[in-house]
Amino acid sequence: MEMFQSLKPVSKSIFKDLLARIHPGVNCNTGDGNMGFVVDVAGEFHIFVQLVLAASGLISLCLKSLKLVNFLLETIADGLPVDHPRSGGQLMELFDAMKLVTKPIFKKILLETKPPVNCIIGDGILGFVGNVAIEVGVPIIYFRTVSACSFWAYFSIFDIIEGGQLPIRGGVPNLVFVETAGDEDMDRLITKVPGMETFLRCRDLPSFCRVSDMTHPNLLLVMDETRQSPRAKALILNTFEDLEGPILSQIRTQCPEIYSIGPLHEHLQAKLSAKNEKPSATRMAELSRKSVREGGSSYCNLNRLIEDIRSMSVRVHDI
């Protein structure tokens with residue numbers, strides 16, 4: 001409940017500010033919410049149903065308060081029974097079901113939406129969203145919820161394996177989410193991630209990299225889907241240049257167009273100026289609104305994203 005209590009004011013404030021600033025409206029579909037219509041197909045996998053319902057209700061509330069018209073919110077079934085736990089251990093079941101059930105529904109919505117969708121903003125780990133975008137000829141922008149460093153490490157997993165730096169000695173054969181692996185190997189440097197050669201250790205890698213079987217489906221899923229990122233028109237990451245600038249430069253060698261959008265910079269500045277202040281949901285919402293308003297850390301990048309989507313809209317209508 002604590003997560004949802006903090007999620008609501010932060011997400012609501014950013015979403016309302018974003019919608020209020022788009023004139024004229026843009027018909028842009030996203031994986032978690034969209035401008036033109038919203039398709040909820042993603043979320044934290046272990047709380048998928050609850051998060052989709054929470055997001056749907058939150059976005060509906062925003063739309064009502066802004067009195068927007070011609071804005072349709074839709075949720076799409078993930079193909080699993082309601083009582084399915086949707087936890088990390090059943091990750092592949094979720095992805096398989098979404099490819100089988102969700103993909104054709106999503107494609108049908110895109111094809112039938114009038115006026116036609118101009119741009120898709122999709123979760124970069126959901127490869128079927130990118131596949132559908134290519135099939136119907138609509139530009140796609142990926143977003144990832146992890147940091148730039150995490151994204152770049154995921155992108156480099158293939159090179160790490162090719163370089164013989166995975167698996168980790170003492171890794172677990174079948175488990176995915178584990179706390180420890182072979183302690184003697186955990187401080188070994190990983191040197192196959194450009195820009196992170198001098199500090200990235202085995203223990204810094206995500207838990208799915210600690211399996212001993214390099215053909216484990218969860219490992220292959222993250223590796224393969226992340227390597228597909230360059231096919232998108234752009235990439236949205238929750239970071240800022242001063243925090244991860246060198247790694248963002250590395251990512252741009254594969255994904256040239258990156259929008260760093262998020263409240264992290266504002267949170268950092270607030271924490272530095274009030275070290276003993278305990279963060280609250282209200283304060284988080286204030287900082288999130290500040291980050292996307294004029295003068296905020298994400299204002300310029302958000303405006304650039306909106307203008308780029310507008311230009312995609314013009315090109316689509318000219319075809």
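The values are calculated or read from the model by the stated rules, or taken from the named source; none is laboratory data. Treat the numbers as computed from the prediction; the structure is a model and nothing was measured. Methodologically, a virtual Cβ is constructed for each residue, glycine included, from the backbone with ideal geometry; neighbour enumeration extends over all protein chains shown.
Summary table
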{"quantity": "Qualifying residue in the stretch 115-123 (condition: at pLDDT below 85 and closer than 19 Å to Met312 by Cα)", "calculated": "yes"}
{"quantity": "Whichever residue in the stretch 83-92 is surrounded by fewer than 17 Cβ atoms within 10 Å (Cβ to Cβ) and within 19 Å of His216 (Cα to Cα) and, among such residues, is modelled with the highest pLDDT", "calculated": "Met92"}
{"quantity": "Whichever residue in the stretch 148-165 is in contact with a helix residue (DSSP H, G or I) (Cβ under 7 Å, 6 or more places away or on another chain) and farther than 15 Å from Cys255 by Cα and, among such residues, is surrounded by the fewest Cβ atoms within 10 Å (Cβ to Cβ)", "calculated": "Phe158"}
{"quantity": "Of residues in the stretch 192-211 being of a type outside the set (A, V, I, L, M) and under 12 Å from Pro246 (Cβ atoms), the one surrounded by the most Cβ atoms within 10 Å (Cβ to Cβ)", "calculated": "Gly195"}
{"quantity": "Residue that is nearest to Leu243 (Cα to Cα) [pool: residues in the stretch 294-308 that are out of contact with any helix residue (DSSP H, G or I) (no Cβ under 6 Å at 6 or more places or on another chain) and not in a helix (DSSP H, G or I)]", "calculated": "Gly295"}
{"quantity": "Selection status of Arg144, modelled with pLDDT of 90 or more, among the charged types (D, E, K, R), under 30 Å from Gly296 (Cβ atoms) and surrounded by 15 or more Cβ atoms within 10 Å (Cβ to Cβ)", "calculated": "yes"}
{"quantity": "Members of the stretch 214-243 found to be touching a helix residue (DSSP H, G or I) at 6+ places or on another chain (Cβ under 8 Å), in a loop (DSSP other than H, G, I, E, B) and over 17 Å from Leu126 (Cα atoms), listed by number", "calculated": "Met214, His216, Asn238, Thr239, Phe240"}
{"quantity": "Any chance Glu266 is out of contact with any Gly (no Cβ under 6 Å at 6 or more places or on another chain), in a helix (DSSP H, G or I), acidic (Asp, Glu) and in contact (Cβ under 8 Å) with a residue 40 or more places away in the chain", "calculated": "no"}
{"quantity": "Filtered residue count, the stretch 99-142, keeping only those that are over 20 Å from the mean Cα position of the chain (by Cα), part of a helix (DSSP H, G or I) and among the β-branched types (Val, Ile, Thr)", "calculated": "4"}
{"quantity": "Filtered residues of the stretch 174-196 (kept if in a loop (DSSP other than H, G, I, E, B) and either at pLDDT 55 or above or more than 28 Å from the chain's Cα centre (by Cα) (or both))", "calculated": "Gly182, Met186, Asp187, Arg188, Ile190, Thr191, Lys192, Val193, Pro194, Gly195, Met196"}
{"quantity": "Selection count where residues are touching a helix residue (DSSP H, G or I) at 6+ places or on another chain (Cβ under 7 Å) and surrounded by 19 or more Cβ atoms within 10 Å (Cβ to Cβ), scope the stretch 130-141", "calculated": "5"}
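Yes/no per residue for (1) more than 24 Å from Phe143 (Cα to Cα); (2) modelled with pLDDT under 70; (3) of a type in the set (Phe, Trp, Tyr):
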position	(1), (2), (3)
Ser273	yes, no, no
Asn276	yes, yes, no
Arg283	yes, no, no
Leu287	no, no, no
Gly296	no, no, no
Cys300	no, no, no
Asn303	no, no, no
Arg310	no, no, no
Asp318	yes, yes, no
